[in-house]
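Step one of this worksheet: look at the structure below.
The values are calculated or read from the model by the stated rules, or taken from the named source; none is laboratory data. Keep in mind that what you see is a predicted model, and the values were worked out from it rather than measured. Ideal geometry is used to build each Cβ from the backbone, glycine not excepted, and the neighbour counts take in all protein chains shown. Areas reflect the complete protein model, heavy atoms only, side chains present, ligands, DNA and RNA absent. Shrake-Rupley method; radii C 1.70, N 1.55, O 1.52, S 1.80 Å.
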Amino acid sequence: MMNEDNRAANEGSGNSEDRAVIIRTLDLAKIYGEGEAATHALQGVDSIIYRGELIAVMGPSGSGKSTFFNMIGALDSPTKGRILLDEVDVAQLSAVELAFLRCRKIGYIFQSFNLIRYMTALENVMVPMSFAGVSS
Ligand SMILES: Nc1ncnc2c1ncn2[C@@H]1O[C@H](COP(=O)(O)OP(=O)(O)OP(=O)(O)O)[C@@H](O)[C@H]1O
Ligand SMILES: [Mg+2]
């Protein structure tokens with residue numbers, strides 16, 4: 001994770017001390033599998049992302065970028081550590097609150113297209129809008 005570099009790179013857009021924190025991770029860890037087959041995809045990631053910041057997470061294939069995004073997007077849960085979105089601990093949220101969060105606060109563009117084949121491009125874009133209750 002490259003947060004300290006981000007601080008420097010984003011200084012031009014305002015003093016980060018004054019801005020709201022939208023994502024915070026504390027000692028975040030993710031282990032896939034068990035025993036000899038265990039993969040330590042994330043090992044104690046501490047990060048802070050401020051509102052309005054543009055962040056790029058870089059690293060070689062298999063370094064844990066998608067795992068990190070799955071965690072902060074509330075799509076998967078960590079083995080250890082905490083994730084705070086708008087200073088709310090995601091682990092404290094109910095299934096309904098998590099669904100609201102995913103619907104209203106998080107947008108995802110996946111590595112592969114993940115489009116629904118029988119829908120047009122426009123209809124694909126509109127799918128999350130219908131979940132969010134946006135009327136036609
Ligand atoms: N569902 C899973 N089960 C077991 N291991 C997994 C799973 N998902 C990811 N991994 C492993 O965790 C590690 C991190 O994978 P991850 O997909 O987060 O990397 P990445 O940085 O996104 O890679 P890429 O640049 O190829 O997308 C890798 O060793 C990967 O094989
Ligand atoms: Mg990936």
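Once region 57-89 is narrowed to residues that are within 22 Å of Ile22 (Cβ to Cβ) and without any contact (Cβ under 8 Å) to a residue 12 or more places away in the chain, the residue that is farthest from the chain's Cα centre (by Cα) is Gly59.
Applying the criterion of being among the β-branched types (Val, Ile, Thr) and assigned to a loop (DSSP other than H, G, I, E, B) to the residues of region 105-136, the residue that is least open to solvent (accessible area, probe 1.4 Å) is Ile106. When region 62-104 is filtered for residues that are part of a loop (DSSP other than H, G, I, E, B), charged (D, E, K, R) and within 16 Å of ligand 2 (Cβ to nearest atom), only Asp76 remains.
For region 39-61, filtered to residues that are surrounded by 12 or more Cβ atoms within 10 Å (Cβ to Cβ) and within 13 Å of ligand 2 (Cβ to nearest atom), the residue that is farthest from Ala29 (Cα to Cα) is Val57.
Take the conditions among the β-branched types (Val, Ile, Thr) and under 27 Å from Met126 (Cα atoms) and apply them to Ile109. Does it pass? Full working, then the answer.
Working: among the β-branched types (Val, Ile, Thr): yes; under 27 Å from Met126 (Cα atoms): yes.
Yes, satisfied.
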